[in-house]
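Colleague: Before I ask anything, here is the structure I am working with.
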């Protein structure tokens, strides 16, 4: 087992940056605050195929201010505070389009007011949009997302934007029968968030048809499984397509599958990363399942690889792994998307944090995406993404507890004793299990580039 893990880790570092898995879709979501919008957003967050780069709020089911507030709180619950959310689409949409290196699609889940605003700006911004996916029944002029702001809809439909108008058509796909029970069987945080919305729905959502029938969530389903939909070209130019669901029976099961897809980062060698306790040392095996239940498969994989690379179970290497993953979650990005400046120095034990940072982010010396900062050695790091930088440092009480625990080991056993390293291993396993990456770091935004 050990040789396999070391081989996998070596490949991780040897792969060129371009080989790392990238999402198929990089999207700006434009939402009006319906519960089906929240289902759709959770699906996109859960899927490794879709990366949300920004969310704008449009007037519709809720006001833009209320939608932006609710979405910001929703994202913060997942640790995705770094996804930009705003009501000023005239500023946020162009900025997100210009900063993104990959082609960008717009997922319009409500009326087209914000897209009309984007078109009203200089032509350069809208030209950066690859395609618009609009939740709208093209055959129904009374469709809410059209009728709420028909002037903006006509403006956008007359433009040269490539657009798919996605809906379930005349078919109502019920969520009353299998969806609630299906949610109860899922363990991902995104499924749990939707389940909580159904248990305690905001008063404004109670009784709304979108609570019990599929709506905007058919858009991410179309992106991920277009074989379940029928596509017809509309209009004289092949820019607009009417897309309607056809595989009605398969829609709810697939919706649940997407919500359950937030599992682990894609591996290079394994179809799935080992989790069987029988494959690990006894002290790890006894807590493996509990670690996975508390912290998820992504952290499990990252910390296992970190420890194999690091040659022993170390406290700071584990905290570095947790820190790097937390930074990725903040911005909602995958491997090899961040540039890291570590202030952990080059002297153990604090410098051991650097090993965890490299494994968890893919930011390696070989890729040139991690550097050591100058100044005082401190267990903190800065993570740059596009034009923003955040700084994470280990909480003071955690640092003091580590100092106390390690100091006891040094005093009791001495640095060269086998018993000391056995003690450190036991400590490290305890820290790994007990400490949540969502609670142990101070996070601040610093001036961007």
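The values are calculated or read from the model by the stated rules, or taken from the named source; none is laboratory data. These figures come from a predicted structure and were not determined experimentally. Every residue, glycine among them, receives a Cβ derived from its backbone with ideal geometry; neighbour counts consider all protein chains shown.
Colleague: Filter the stretch 394-422 down to the residues that are in contact (Cβ under 8 Å) with a residue 12 or more places away in the chain and under 23 Å from residue 299 (Cα atoms) and list them by number.
Modeller: Selection gives 394, 395, 398, 399, 402.
Colleague: Here are the criteria: (1) touching a residue at least 24 places away in the same chain (Cβ under 8 Å); (2) closer than 30 Å to residue 66 by Cα. Tell me which single one residue 209 does not satisfy.
Modeller: (1)
Colleague: OK, next. Assuming residue 175 fulfils every condition listed in (1) at pLDDT 90 or above; (2) exposed (fewer than 15 other Cβ atoms within 10 Å of the Cβ); (3) touching a strand residue (DSSP E or B) at 6+ places or on another chain (Cβ under 9 Å) apart from one, which condition is it?
Modeller: It fails just one condition, (2).
Colleague: Filter the stretch 89-108 down to the residues that are in contact with a helix residue (DSSP H, G or I) (Cβ under 9 Å, 6 or more places away or on another chain) and outside any helix (DSSP H, G or I), then identify the one that is nearest to residue 34 (Cα to Cα).
Modeller: Checking each candidate, the answer is 108.
Okay, residues lined up against (1) buried (at least 18 other Cβ atoms within 10 Å of the Cβ); (2) assigned to a loop (DSSP other than H, G, I, E, B); (3) assigned by TED's automatic domain parsing to the domain that holds residue 295:
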site	(1), (2), (3)
30	yes, no, no
39	yes, no, no
56	yes, no, no
61	yes, yes, no
66	no, no, no
76	no, no, no
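Colleague: For the stretch 352-373, name all the residues that are in a helix (DSSP H, G or I) and farther than 17 Å from residue 326 by Cβ.
Modeller: 352
Colleague: For the stretch 199-318, list the helices (runs of 4 or more DSSP H) that sit wholly inside it and hold at least 1 residues that are at pLDDT 95 or above, surrounded by fewer than 16 Cβ atoms within 10 Å (Cβ to Cβ) and outside the structural domain of residue 52 (by TED's automatic domain parsing); which are they?
Modeller: Filter on the stretch 199-318 gives 282-310.
Colleague: Another question, then. Exactly one condition in (1) outside any helix (DSSP H, G or I); (2) surrounded by 11 or more Cβ atoms within 10 Å (Cβ to Cβ) is false for residue 416; which is it?
Modeller: Status for residue 416: all satisfied but (2).
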